[in-house]
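So the structure is just underneath, and the comments pick up after that.
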Amino acid sequence: MNDFEQPAFERQLRATLHDVLDAEHGPHPGWADSPAANRVAGGERAKRWNAGNLRLLAIAAVLAMGGAAAAGAFLRNVPTPRLPETTPFPSRPVTGATNGWVAYTHGTGGQIFVTRMGGQETLIRGLGPRQSCPQFGPGGLMAMAVSATLDTDPTQWRIVVVRLMADGSASDELTTIFVEERPQDNVSCFEWSPSGDSFAYTALLGSDGVFTIATPGLFYSPIGTGRDFPPPIPDYARWKPDGTAVAFVSAANPHGDGTDMYSMIDLAFVDASAAHPLLRTDPNEIINDIAWSPDGTAIAYRGTRFVPGAGSAGSFVRVLTVGAGNVERLQLDELNDHQSASDAGPAWSPDGSQLAWALGGELRVGAPDGSGWRGLPPVSSDALGTGWATDPVIWSADGSQLLVGQLSQSPLVRDPESSVVVYDVTGEGQPTGVLPWRLGGYGRLSWQVVSN
Amino acid sequence: MAFRPDVSDFGDFYERTYQVAFRTALGIVRDAALAADVTQDAYVAAYRHRDRFRGDAPGHAWLHKIVVNQALSAVRRNRLTVVEADLTALSRSLDHARATSERLSLFAALAELNPKQRAAVILRYYLDYDYATIAQILGTSSTNVGAMLSRALDRLRLKLDSDKPLAMTGTAR
């Protein structure tokens with residue numbers, strides 16, 4: 001299959017589902033005669049009485065605690081810094097060459113390409129029919145997941161390491177790690193360890209909710225169990241910079257019906273088989289990415305807050321201070337009433353002095369204590385002036401540039417195009433380079449700037 | 001119309017949303033009787049949590065989240081039972097000029113997917129939710145949703161390729 005066939009297949013799948021399912025009619029279209037109405041009718045009066053009395057008890061408790069002062073302390077929100085006005089939207093992004101290699105997949109994936117900004121893209125060949133998750137590592141190395149079959153058979157999956165050559169081609173396989181125990185479902189992409197000799201990733205193990213984080217060649221260890229059904233799906237395995245532990249995110253569904261979901265950040269130590277919880281979000285908040293500070297003392301994370309029935313109600317970026325017995329969090333940014341699909345990051349600058357993330361399609365850069373923030377101009381915008389961004393946000397090694405994916409329009413609209421933009425952070429933050437707009441988009445971006 | 005949490009409004013909400021909720025459940029559990037039960041369970045749960053629903057917002061992601069989770073729980077409870085879709089029954093009211101064998105084959109191939117993949121496919125290609133909303137409903141990340149859908153489409157194509165000549169191919173225009 002090539003990339004141009006997939007949209008046709010998706011269109012036919014969409015049409016088929018509507019043809020078949022829309023012809024079906026459930027047997028209980030009226031509420032009054034439905035089994036659900038009968039089941040809830042019996043206990044409703046008693047529940048209303050109980051709810052009313054519980055509300056009175058809660059008010060009495062607040063008054064007993066000190067009235068308005070106690071209620072105010074309880075409801076107080078962490079203040080959010082106000083962002084300054086952004087610089088004007090550019091008429092067209094500037095296309096130019098840069099000295100970095102970008103690796104990515106196309107659309108729904110299957111093949112890995114590398115290119116320089118404005119240059120010819122090169123297909124990485126000969127490793128297997130299905131490749132994904134390109135990740136640059138130390139010294140021009142690049143790792144990727146390769147499956148020996150198009151249907152990702154877990155016993156045929158392996159991590160392959162190659163060296164990227166000057167012409168963009170790949171060397172022969174330098175290292176091959178077979179991951180025969182790899183579970184079948186919900187396997188994340190992997191992340192190089194700080195020492196560059198192993199990888200971390202998350203996965204579900206079977207259907208009972210047990211999940212693992214593994215570093216092939218170092219350890220493979222179950223570190224937790226599912227908290228409820230559907231089992232929490234772990235993701236975003238991120239190495240602590242000292243290489244002693246991996247932080248990861250999972251979402252829990254305490255009622256089993258999708259209400260009051262929340263996320264957890266756990267810390268799994270390399271030399272232990274148990275995970276140590278770092279953070280549980282408030283109900284109806286889901287964490288979408290995390291990033292360690294270079295000194296390993298904090299984790300920045302981006303999340304989505306949603307209102308049941310209303311989908312995404314907004315996004316936030318917070319910093320979690322990780323210390324012995326003392327975990328604090330600071331809210332750096334929030335944006336309400338927008339599509340969380342236009343968010344990306346966060347990412348720490350290599351020296352830890354700045355954070356970058358995208359909310360509402362706007363790339364924002366500032367100090368992790370909330371000072372000196374600014375918004376960089378979005379390259380794309382729709383009729384309402386809304387920009388659209390997509391994961392990830394990547395800093396160059398010298399901290400002077402930022403790379404981020406941007407969409408031509410809302411992902412709610414079918415088949416948006418995407419581009420890859422590089423910003424010069426040292427100046428006014430104007431975009432200095434782009435990859436061409438592409439239908440279906442760029443996936444799993446990895447970027448490495450090499451010296452001239 | 002804004003939804004207010006009383007019985008009469010919930011009845012209206014139920015009647016406006018019931019068929020799509022039922023079809024969503026059907027797409028996941030692939031058994032009409034089980035889908036009807038799942039849908040009723042979902043509305044009972046929705047009623048009990050109705051104070052958390054803000055009905056003046058577009059879409060019904062909240063309800064569909066409950067339906068999907070009830071459906072996945074039902075599949076889990078019934079996982080030792082072979083549940084196969086009755087394609088004859090499912091196609092009884094189709095426009096037969098359009099109900100090609102290719103489309104029935106494609107729908108049948110959905111049985112090859114695991115329940116969560118099937119839920120992701122239904123949410124994306126039947127209900128047209130974006131990745132972020134699907135991620136909230138399934139309790140995972142947008143990235144994982146993309147990977148899940150990618151694997152699901154690959155598996156569907158493989159199944160259809162192995163069933164040729166009845167099945168459609170990925171090159172259909």
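Across the range A:16-38, what is the number of residues that are in a helix (DSSP H, G or I) and either surrounded by fewer than 15 Cβ atoms within 10 Å (Cβ to Cβ) or in contact with a His (Cβ under 7 Å, 6 or more places away or on another chain) (or both)? Before the answer, list the steps.
Here is the first cut: in the range A:16-38, the ones in a helix (DSSP H, G or I) are A:16-21, A:35-38.
Subsequent filtering for residues that are either surrounded by fewer than 15 Cβ atoms within 10 Å (Cβ to Cβ) or in contact with a His (Cβ under 7 Å, 6 or more places away or on another chain) (or both) retains A:18, A:35, A:38.
Of the residues in that region, 3 qualify.
Of all the residues that make up the range A:253-290, how many are polar (S, T, N, Q), at negative phi, touching a Lys or Arg at 6+ places or on another chain (Cβ under 8 Å) and modelled with pLDDT of 75 or more?
Counting residues in the range A:253-290 that are polar (S, T, N, Q), at negative phi, touching a Lys or Arg at 6+ places or on another chain (Cβ under 8 Å) and modelled with pLDDT of 75 or more gives 2.
Give me the pairs, please: first residue somewhere in the range B:113-132 and in contact (Cβ under 8 Å) with a residue 40 or more places away in the chain, second residue anywhere and surrounded by fewer than 23 Cβ atoms within 10 Å (Cβ to Cβ) and of a type in the set (Lys, Arg), beta-carbon distance under 7 Å, and either six or more positions apart or on two chains.
Final answer for the pair search is B:Leu113/B:Arg155.
Suppose we keep only residues that are surrounded by 23 or more Cβ atoms within 10 Å (Cβ to Cβ) and either touching a strand residue (DSSP E or B) at 6+ places or on another chain (Cβ under 6 Å) or touching a residue at least 40 places away in the same chain (Cβ under 8 Å) (or both) within the range B:14-23. Which one would you say is farthest from B:Val121 (Cα to Cα)?
B:Ala21
Residues checked against (1) among the small types (Gly, Ala, Ser); (2) at pLDDT 75 or above:
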residue: B:Tyr43; (1), (2): no, yes
residue: B:Ala61; (1), (2): yes, yes
residue: B:Gln70; (1), (2): no, yes
residue: B:Ser93; (1), (2): yes, no
residue: B:Leu104; (1), (2): no, no
residue: B:Glu112; (1), (2): no, yes
residue: B:Arg118; (1), (2): no, yes
residue: B:Arg124; (1), (2): no, yes
residue: B:Leu127; (1), (2): no, yes
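The values are calculated or read from the model by the stated rules, or taken from the named source; none is laboratory data. Keep in mind the model is a prediction, meaning the values are calculated, not measured. Methodologically, a virtual Cβ is constructed for each residue, glycine included, from the backbone with ideal geometry; neighbour enumeration extends over all protein chains shown.
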